[in-house]
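Participant: Just dropping this structure here.
All of the numbers you see were taken from the coordinates with simple rules; none came from a lab. Since the structure is predicted, the reported quantities are computational estimates derived from the model, not experimental observations. Don't worry about glycine lacking a Cβ; one is built from the backbone with ideal geometry, like all the others, and counts go over all protein chains shown.
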Ligand SMILES: [Zn+2]
């Protein structure tokens, strides 16, 4: 069933999403451990920006993000956002008897060539500090491990700030537990609308989007989607686009104050 909807982006490739991967199960937990304690002494920066981060000239990720500078080394993010957590999204699916099995971290596609079928694995990694910063990255390779590493690196390079606040008219508490305004993100046929929710409502969203909100530090949210939401990739991208739109939204200052909009991390009070 699924195969009919997905091949849009890779016409020549057939989605088989079948192979069992023993790595899949321990994926998430393993990721959390191996990035603890980043050692800057062994890092040799390759870019000017990396150099500045290593020698302490730049100490805040906001200095980079507000100038719109391109981050080309994942280590920059490792240093500046030390409490970063990572997770992989379930974009693949195991073969099931009745048209769909368990969701998996790796999506497997294969190209038919003269030599035979060449499989490739792709995955989406997310990074976030549960406090206003989040990044999403796609990775694809012939094997699962390099695919995961690529995804993770891309997620770090694509880190951005989100806005939080309380835009819920039912709540109006002014604390940054939800999003300040309603936004929409579109990708392919999927249109996702995110809305402010009152305190304690929780994350009313599709499971992979929920992971994203959790790592971003959003506690309450409403969401509504249209289109082929089974196409996980488009669903996730729509969610990311919505969050990006949110952070780029310009609103009069007095209005921002009223809703209690905070961009990025929350200042300790
Ligand atoms: Zn509130």
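Participant: Which residues in the stretch 214-253 place their backbone N less than 14 Å from a point set 7 Å from the Cα of residue 204 along the Cα-to-Cβ direction?
Facilitator: 220-225, by backbone N distance to the label point.
Participant: When only alpha-carbon atoms are used, what values of Rg and Dmax, in angstrom, describe the stretch 52-113?
Facilitator: Rg and Dmax of the stretch 52-113, Cα atoms, are 19.5, 57 Å.
Participant: While we're here: Separation of the stretch 145-202 and the stretch 37-74 by C-alpha centroid, Å?
Facilitator: What the calculation gives is 25 Å, centre to centre.
Participant: Can you give the FRET efficiency to the nearest 0.05 for residue 245 and residue 170, using r as the Cβ-Cβ distance and R₀ = 25 Å?
Facilitator: Once rounded, the FRET efficiency stands at 0.65.
Participant: Find how many whole Å separate the alpha carbon centroid of the stretch 207-262 from the alpha carbon centroid of the stretch 104-134.
Facilitator: For the stretch 104-134 versus the stretch 207-262, the Cα centre distance is 23 Å.
Participant: Compute from the Cα atoms of the stretch 163-263 the Rg and the Dmax, the latter being the longest Cα-Cα distance, and quote both in angstrom.
Facilitator: So, for the stretch 163-263, Rg and Dmax equal 12.9, 40 Å respectively.
Participant: For a bin width of 10 Å, list the pair-distance distribution of the stretch 36-80 built from all Cα-Cα distances, rounded to whole %.
Facilitator: 29, 61, 10
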